[in-house]
Amino acid sequence: MSQATEIGQPALDNLRSALRGDVLLPRDAKYDDTRQIFNAMIDHRPARIARCAGAADVVTCVDYARAHGLDVSIRGGGHNVSGKAVCNGGLMIDLAAMKGVRVDPRQRTVQAEPGLTLAELDRDCQRFGLATPMGIVSATGIAGLTLGGGIGWLGGKHGLACDNVRSVDIVTAGGKLLTASLDEHPDLFWAVRGGGANLGVVTSFEYRLHEVGPVLGGAVAWPLDQAKGVLRFYGDLAQSFPDELSANAGFATAEDGTPVLGVAVAWSGPLDDGERAIKPLRSFGNPLVDAIAPMSYVDLQRGGDGAFPRGRRHYWKAGFLRRLGPDAIDVLIQFASTMPTPQTQIGLQQMHGAAARVAPTETAFAHRHDQWDCLILTQWDRPADDERCIRWTRDLATQMEPHLERAVYVNDLGHDEADRVRAAYGMNYERLAAIKAKYDPANFFRWNQNVSAAA
């Protein structure tokens, strides 16, 4: 029997009557669709799902869960590999219906609710020729991405998603709705910019916007037998990229079943300058494909969506890579030739420029270096392949470990990596733990990549 089933019908009726949204139970028709997230390996079953319509609903849910001693998980966009958005037996606070957007073109700001995906926010902001840095797969939710840091195509020019947050409205463990900014609760504001879901439930983000017009995007791809030379050239060339250019390298499988190395680019400055900046990469070796072209920023953002559909099983490992040295390249190529499924990818997501120039202690996101987020993104369809795919992923992670920093992007952590949470925050962990102790001393928000208040 779960925690919530012991509470009784009157308490449930009171919760329902207090919400503008609704409450789903396991017997309800929409329950299974609502609890399912991006990663099909996650099969958690909350006893209650509260589909919130606004900040008042979130306050009500927090008060209800605290009064009845329930575990709480928070779901935003649902693009979550670890499964931390969905608890077992407690209350899942579902923010997916909270999709309000208010763009202020004159002030170049946007107020955005946490149920939005990147695609939805980008669409509204681009109506005014504006954007704020986000990720690179448009089905991703803005809330989880931003709270963990937010590495994306515009990072070189405009920083991480969290660097562009001006304020948040957040419901704390005590059921209070606070505004956190540089002027109000600045310690909480520091912590939510990279600290994940540890501090509360954000019900609104205010972002700084930037002019973003047509971009150069797309990818160049080479056969695997050219990968060593391409990666060495790319690793050196990337050190000289201007802020306007980001380029992510990665291994994938072509339609004919052969592994290839691709480099996907995004140029966010004048297009003629971009053509010149990208030319050395396009001219190297003998590419199989060159699909770089001018496009809208919205099209750039959704360019990778097809590689990450809902419903697949996922197991990821990741870490930050400062130098793309020959030994690391050899390991990557070795494993690229034995990827367990055609859907699996090995990625190198570039972080540089403005995102790397922020002081490590300015936000809770500490890893401010020119580097790559080295991603092992294993995907498959059949549960029968779980063991084989997980083993390959772990083997590659083990072989890459000597080349990686003792640092990881919190948004990449899986369900079995609680021992790496400290590495996600580095020098900022103790300060984050102290702020957690102030705003959530009982660790009410613990169904996450958890920073213990007792630390």
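Observations, loosely collected:
- Filter pass, Trp392 being farther than 28 Å from Trp153 by Cα, modelled with pLDDT of 95 or more and in contact with an Asp or Glu (Cβ under 7 Å, 6 or more places away or on another chain): no
- Condition broken by Arg20, with the remaining ones in (1) within 26 Å of Asp440 (Cβ to Cβ); (2) out of contact with any helix residue (DSSP H, G or I) (no Cβ under 8 Å at 6 or more places or on another chain); (3) among the basic types (Lys, Arg); (4) surrounded by fewer than 22 Cβ atoms within 10 Å (Cβ to Cβ) satisfied: (2)
- Of residues in the range 354-385 being open to solvent by 30 Å² or more (accessible area, probe 1.4 Å) and assigned to a helix (DSSP H, G or I), the one farthest from Leu188 (Cα to Cα): Ala384
- Residues that are at pLDDT 95 or above and among the hydroxyl-bearing types (Ser, Thr, Tyr) number at least 3 in the following strands (runs of 3 or more DSSP E) confined to the range 153-236: 201-208.
- Selection count, the range 394-432, where residues are open to solvent by 90 Å² or more (accessible area, probe 1.4 Å) and under 16 Å from the mean Cα position of the chain (by Cα): 1
- Selection within the range 297-312 - open to solvent by less than 50 Å² (accessible area, probe 1.4 Å) and touching a helix residue (DSSP H, G or I) at 6+ places or on another chain (Cβ under 7 Å): Tyr297, Val298, Gln301
- Condition check for Ala143: of a type in the set (A, V, I, L, M), under 23 Å from Arg431 (Cβ atoms), in a helix (DSSP H, G or I) and open to solvent by 20 Å² or more (accessible area, probe 1.4 Å): no
- Conditions (1) part of a loop (DSSP other than H, G, I, E, B); (2) more than 19 Å from the chain's Cα centre (by Cα); (3) β-branched (Val, Ile, Thr): number failed by Ile435: (1)
For every residue, the table says whether it meets (1) in contact with a helix residue (DSSP H, G or I) (Cβ under 9 Å, 6 or more places away or on another chain); (2) open to solvent by less than 40 Å² (accessible area, probe 1.4 Å); (3) under 24 Å from Arg322 (Cβ atoms).
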residue: Val212; (1), (2), (3): yes, yes, no
residue: Gly218; (1), (2), (3): yes, yes, no
residue: Pro223; (1), (2), (3): no, yes, no
residue: Lys228; (1), (2), (3): yes, no, yes
residue: Ala238; (1), (2), (3): no, yes, yes
residue: Pro242; (1), (2), (3): yes, no, yes
residue: Phe251; (1), (2), (3): yes, yes, yes
residue: Gly257; (1), (2), (3): no, no, no
residue: Ala264; (1), (2), (3): no, yes, yes
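- The residues of the range 98-118 that are in a loop (DSSP other than H, G, I, E, B) and either within 12 Å of Pro46 (Cα to Cα) or of a type in the set (Lys, Arg) (or both), listed by number, are Lys99, Arg106, Arg108.
- Hey, Ile42 among the β-branched types (Val, Ile, Thr) and open to solvent by 10 Å² or more (accessible area, probe 1.4 Å) or not: yes
- Qualifying positions in the range 316-338 - part of a loop (DSSP other than H, G, I, E, B) and surrounded by fewer than 21 Cβ atoms within 10 Å (Cβ to Cβ): Arg322, Arg323, Gly325, Ser337, Thr338
- Some residue of the range 52-62 being among the acidic types (Asp, Glu) and either surrounded by 16 or more Cβ atoms within 10 Å (Cβ to Cβ) or modelled with pLDDT under 95 (or both): yes
The values are calculated or read from the model by the stated rules, or taken from the named source; none is laboratory data. Computed from a predicted structure; not experimentally measured. Please note: Cβ atoms are built from the backbone with ideal geometry, for glycine as well, and neighbour counts cover all protein chains shown. These accessible areas exclude ligands, DNA and RNA; they are computed on the full protein's heavy atoms, side chains included. Shrake-Rupley method; radii C 1.70, N 1.55, O 1.52, S 1.80 Å.
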